[in-house]
Amino acid sequence: MATSDFWKISESTGNSSVVGGDMQWSMVVEKLISQNSHNEIGRDVRPFYLGPVHPIREMHENSYEEQMRRRTIQLIENQELNYRDMERLVEATHLLRCSKTPLLLMDKATILHKYKELESHFPEYKICYAVKANDHVEILRILAEAGSCFEVASKPELLKLLDVGVEARRIITSHPIKSPHFIQLCRELHVEYLCIDSKDEIDKIKRIYPSAKTYLRLEIENPESSWPLSDKFGLLLEEVEEILNYAASQNVNVCGLTFHTGSQNNSSESFRRALTISREVFEMGKAQGFDMTLLNIGGGFPVDYFEACRELSDFQKTISEEVEKFPNPERLILQMEPGRRIVAEAGLMMTTVIGTAQRRGKNWLYLDVGLFNGLMESIGGIKYSYKTNANGELKNWIIAGPSCDSMDIVDRNVLLATPKIGDKVFILSAGAYTTVYAANFNGYLAPEITVI
Ligand SMILES: Cc1ncc(COP(=O)(O)O)c(C=O)c1O
């Protein structure tokens, strides 16, 4: 604690406050919003840096700094204040006033917490963060330092990781349809495992990287997921034998399999079904003479959006029950590829209200972020949660993006206080599949990212 940095928020009115507690990011936001609506945005809310805290003897006993230091330590010891939250809060308060929107704030502490939570539930698994969820270089650096491995689908994703200093042995690619160029790069860098689900892909690998270890992508129904990933890729059980035969005939080594139960998958039962099919595929591989040991269970783990998601422990229980049923489970090389679970809840999208309108009895609220510049997933099954610093009458809104395209509608039936132009709307759990999907359509820019 002696080296921690401490902050106090002071207003031009002379009032000052220290806010905190052991808060989740969403609670920090609530606090921030209530604080700002109370202060009215635009008044001078100044974060005042108090630290680093010096050893006691360097400070005068009754100095203001010393009193604050003692008070802060007391608050922390009574668990009323967590200095990390306070730092984030102060930083966010500052950003709220002075930054352009749209802006995606990514919280480092939450990213690390989510990574460690997966690690503690699945200690035998290599966690390969799916870079596609959010490829911001600072996020990759944070995860690389925490020991994560990575899953990529393209040359630019791969090169970004190398720039951050991640070794190729920590990188896999579960994309079943890769460009010849990308396969060549994987060979040059010694990326060990490559995914397959077609004869064409086997041919490419035989031609470009014949010593690669390959693994099959299975097709699994995704009925319980909000963002299904079935259909485009993967082998049905009845198609596996032919592909295994073909790989054997081409001397391509098949060492395991992967599947994806669908993103934002809220049911552990789909993992049970996937692992039941996987055991059959392992048997088929053995019959073909392959020593299949790689079991990659994909991503799909859910997060809290508008509704709270199922506990990670539910998934852990079902998955480990099913994995135990494999013959020789101790020989398995276990991998997973979570994306959304690690970054979604760490992200807070700050947006500004650019217009409102009443049309045929409906209330429309237009933000500076929409489908095309960050909220693409709202056309599928993802329903975000919104907060605002507005304090007008509570109403039901249709939320729309800024572009002049009628498709650009983000959500309907959202209960929010009536805003003024320039008020802020915060979108929670916006850290995954937002900025990575964003284009600058119609001249509306994708959100910038700030990692705090
Ligand atoms: C091959 C593969 N692995 C992992 C992921 C990450 O999935 P999620 O973000 O649901 O964890 C995806 C998502 O599209 C994927 O296609």
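No value in this document is a laboratory result; all are computed from the given coordinates. Note that the structure is predicted; figures quoted are calculated from it, not measured. FYI the Cβ positions are ideal-geometry reconstructions off the backbone, even for glycines, and counts take in every protein chain you see.
For the reader, a short list of remarks on this structure follows.
- Pairs beyond 28 Å (Cα-Cα), from K132/K232; K116/K383; K160/K383; K126/K232; K232/K387; K114/K160: K160/K383; K232/K387
- Cα gyration tensor, segment 97-156 - rounded (a/c under 1.5), prolate or oblate: oblate
- For segment 302-399, alpha-carbon Rg over 2.2 N^0.38 Å: 1.62
- Segment 108-343 shape via C-alpha gyration tensor axes, a/c threshold 1.5: oblate
- Rg followed by Dmax, in Å, when segment 345-451 is reduced to its Cα trace: 12.8, 41
- Simple Cβ-charge dipole of segment 368-452, Lys/Arg +1 and Asp/Glu -1, about Cα centre, in debye nearest 20: 260
- Judged by the ratio a/c of the largest to the smallest principal axis of the C-alpha gyration tensor, segment 218-365 counts as prolate, that ratio being 1.5 or greater while a/b is larger than b/c.
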